[in-house]
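> My questions will all concern the structure given below.
Rule-based calculations on the coordinates, nothing more; no lab input. The structure presented is a predicted model; accordingly, all values stated were derived computationally and were not measured. Ideal geometry is used to build each Cβ from the backbone, glycine not excepted, and the neighbour counts take in all protein chains shown.
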Amino acid sequence: MARLVATALIVIFAVALIASLPPRVSPAQSDSGPRARIKISVMDLGTGQPIKPGQTLTALTSFQVTVTTDGIDCAGQYVVTALGAASAPPSVMVQPVWFLIGPAMGTNSWTGAPLNSTLQNTWKISASCNSVQRNGFDFASFEFFADVP
């Protein structure tokens with residue numbers, strides 16, 4: 001809980017900092033230029049290899065989620081969910097993450113804390129990103145599975 005509060009305070013500070021900066025694009029220009037595009041990648045921390053969308057893990061695996069933009073500033077969030085146990089809700093939120101990425105922030109990616117797969121589960125990640133351009137939104141999703149014998 002303390003980590004979530006600390007993360008929220010960092011995001012609030014960063015948003016306040018960005019809000020205090022002069023606008024980089026005037027409303028008349030905001031329809032032109034490239035739109036932000038985001039990508040989700042998941043890394044198997046044991047092997048150092050990427051986990052592919054739709055892949056089934058057959059061993060307990062530590063993994064990390066990274067969201068990357070194509071060099072366009074954006075603010076967004078991603079959430080990692082997993083199926084709940086039989087007595088739990090059908091899906092549980094495992095890791096919600098807010099981020100600010102792009103050249104203005106000095107980084108085009110944000111990586112969450114390491115997570116551990118379970119013996120059997122469906123892992124889903126969804127992300128959204130809002131850029132400065134009018135209608136500048138992007139969304140991404142990623143799904144993989146754990147089925148450890």
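> What are the residues in segment 99-114 that are in a loop (DSSP other than H, G, I, E, B) and surrounded by 14 or more Cβ atoms within 10 Å (Cβ to Cβ), if any?
N108, G112
> So, one more: Taking P96 and the conditions (1) more than 13 Å from the chain's Cα centre (by Cα); (2) over 27 Å from P34 (Cα atoms), which numbered condition does it fall short on, given that it satisfies the others?
Evaluating P96 over (1) more than 13 Å from the chain's Cα centre (by Cα); (2) over 27 Å from P34 (Cα atoms) leaves (1) as the failure.
> Here are some conditions: (1) surrounded by 14 or more Cβ atoms within 10 Å (Cβ to Cβ); (2) within 14 Å of the chain's Cα centre (by Cα). S117 meets all but one. Which one does it not meet?
Tallying (1) surrounded by 14 or more Cβ atoms within 10 Å (Cβ to Cβ); (2) within 14 Å of the chain's Cα centre (by Cα), S117 fails exactly one: (2).
> Which of (1) touching a Cys at 6+ places or on another chain (Cβ under 8 Å); (2) touching a residue at least 40 places away in the same chain (Cβ under 8 Å) is the odd one out, the single condition S128 does not satisfy?
It fails just one condition, (1).
> Okay, next question. With the checklist (1) in a loop (DSSP other than H, G, I, E, B); (2) more than 18 Å from F145 (Cα to Cα) in hand, flag the one item A59 doesn't pass.
Condition (2) is where A59 drops out.
> Looking at segment 115-132 only, could you name the residues that are assigned to a loop (DSSP other than H, G, I, E, B) and over 15 Å from I101 (Cα atoms)?
Passing the criteria: S117, T118, L119.
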